[in-house]
Amino acid sequence: MLMNINVKTGTAEKESAEMLAFYVYEDAVIIGGALASCNSELNNVIAEIIKKKEFVGKLNKSVALFTYGKIPANRIMLVGLGKKKDITPDKVRQAAGTTASVARDMGVSEVVAVLDSIEMPSSALGEWTQAYGEGCLLAGYNFVRYKKVPQEEHKELKAMTLLFAGKEDISPARNAVKHAQIIAESVCFARDLINTPAQDKTPTALADIAKKIAKSLGFQCKALSTPELKKLGMGGLLGVSQGSNQPPQFIVLEYNARAKNQDTVVLVGKGITFDSGGICLKQSKDMDLMKTDMSGGAAVIGAFKAISQMELPLHVVGLIPCSENMPSGTAIKPGDVIKFYSGKTAEVANTDAEGRLILADALGYAEKYKPTAVIDLATLTGSCVVALGTVVSGMMGNNEELKKLVKAAGEKSWERVWELPLWEEYQEQIKSDIADIKNIGGPHAGAITAACFLSKFTEKYPWVHLDIAGTAWCEKNAPYTPKGAAGIGVRLLVQLLRDWTRFPK
Ligand code: BES
Ligand code: MN
Ligand code: ZN
């Protein structure tokens, strides 16, 4: 259960709370306003700490003091924001995450945060407060389903109050907190799916989860299973799944299905619930992480959870091909040729390049919706991680306008993307001697040749592909992303759809 966030106006030094949090900038720690009042009540101890440089306001650093009854709040915490000239909404998101996790680790269950001390630009009060709310909620995420945590060790920050002095209209802040709550719950929902072991999120289980959430939030969901997939000729999804005892599922989500005269955006997510590599078996080191190979699919389900609570004037379709990729006597073999939904054929030169095979069917199927735009998200290549690391997702596509929108949504949500070129010269590499194309290129530019493969199925509509192999998993704790699944893509997709600008078909 995520913590509760309230917004109110009041006088900070008069608040009785377990903890009062203030924000300070690094370049000039000014003890003004409510912080100055608290400082004088506390015999100048805050000024002293700053003078002695025990705390200088560096981003994500904090210091906490007991107040010994000198003010109504039990503790004061100062949280650094870094240099004022470098402040961004994401740094606010981080500082909020730091506040929430430091307070929680101290055993505090309720914090009043003095948001005036951030000095947000009043024109962006909503945007910055949303970032703040997301930071608090995302930092509190904890995946405990498979642990029996003794009660006394289980610390939880239960509530956070965002306090404004009330000098300006704070209704944008209230609205922003509602959005932050919807978005963070959706990101955490995606994180839960991704962190869940493959044994408990087989394609069938995933389809059931999607149906359940669709029912509770009022969007449509169906799952196509083997007989239907055979009828449709989805040789990619069927081929990848044939080595597993678990049958494949093709999840279809639809929001605003009956909307007339509205743009149709199709979101496609890779749903490999476990990627062993198949006959081209992966090495065992870190193979456990391949339970995360459905992160693209989780992002799509998460985005649907959020947008179905936002009443967007858009028709949105979600397509998630789901399968395990396993080796067995029935598994697909290197050299086999498969035929996709679109009728094109591919030589399977490497069974570990399975993502593009299931996506090819989904991208072909997307055509049926006459989409305005299609965006796919996939943990597609290790090569993308080599190229860009874990900070940013790779973006490739066939439409400048759509790439611009995705890039802007990435900046705004701080789930940034960086474009890699999808130039014609690269297409050479996926030529096959015996089929239309083959599923791997040469040793270089693997993220790009994977996208080249996908591009053969997206010729009929504007399309962007996001390779999230590097950004889906967080190797160590970060201010608002605990170690584990990041839930990447949800914030970006929601931002993109909320800000959707029509462009001509
Ligand atoms: N799921 C993997 C890509 C991946 C790697 C995701 C690391 C997250 C972290 C994908 O199916 C894969 O195995 N790709 C191969 C392609 C190669 C065989 C052409 C890769 O990147 O090594
Ligand atoms: Mn693979
Ligand atoms: Zn994979």
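Summary table below
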read-out	value
Rounded percent of accessible protein surface that carbon and sulfur make up, segment 185-498, 1.4 Å probe	50
Exposure rank, largest accessible area first [ARG75, ARG491; 1.4 Å]	ARG75, ARG491
Degrees between helix 295-307 axis and first principal axis of the chain (Cα, 0 to 90, nearest 10)	60
Distance between modelled label sites at SER171 and ALA408, nm, 7 Å Cα→Cβ extension	2.6
Estimated inter-spin distance, LYS282 and VAL144, nm [label 7 Å along Cα→Cβ]	2.9
Once exposed loop chymotrypsin sites (Phe, Trp or Tyr not before Pro) are cut out (DSSP; at most 11 other Cβ, 10 Å), longest piece of the chain	147-422
Cα pair count fraction exceeding 29 Å, expressed as % - segment 4-166	15
Angle between the chain longest axis and helix 89-105 axis [Cα atoms, degrees, rounded to 10]	70
Cβ-Cβ FRET estimate between LYS52 and ALA478, R0 fixed at 30 Å, reported to 0.05	0.55
GluC sites (Glu not before Pro) restricted to segment 428-505 and DSSP loop, no more than 13 other C-beta within 10 Å	GLU459, GLU475
Segment 372-440 and segment 270-292: distance between their alpha carbon centers, rounded to Å	21
Solvent-accessible area per residue, Å², over the chain with all protein chains present [probe radius 1.4 Å]	42
Solvent exposure ordering (accessible area, 1.4 Å, most first) of MET290, MET396	MET290, MET396
Antiparallel bridge percentage (DSSP; both residues within the chain; nearest 5)	40
P(r) tail fraction, the chain - alpha-carbon pairs more than 34 Å apart, %	39
Trypsin sites (Lys or Arg not before Pro) lying in DSSP loop within segment 122-189, provided at most 11 other Cβ fall within 10 Å	ARG145, LYS147, LYS148, LYS167
Label-point separation in nm, MET310 to VAL386, each point 7 Å along Cα→Cβ	3.6
Largest to smallest accessible area among HIS315, HIS154 [probe 1.4 Å]	HIS154, HIS315
Surface accessible to a 1.4 Å probe, VAL392 within the full protein complex, Å²	30
Net length gained if the chain between ALA64 and GLU424 were fully extended (0.36 nm per residue, minus Cα distance)	123.9 nm
Segment 58-100 and segment 149-199: distance between their alpha carbon centers, rounded to Å	18
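The values are calculated or read from the model by the stated rules, or taken from the named source; none is laboratory data. These numbers come from a predicted model, not from an experiment. As a convention, Cβ positions derive from the backbone with ideal geometry for all residues, glycine included, and neighbour counts pool all protein chains shown. Calculation scope for accessible area: heavy atoms of the full protein, side chains included, ligands and nucleic acids excluded. Shrake-Rupley method; radii C 1.70, N 1.55, O 1.52, S 1.80 Å.
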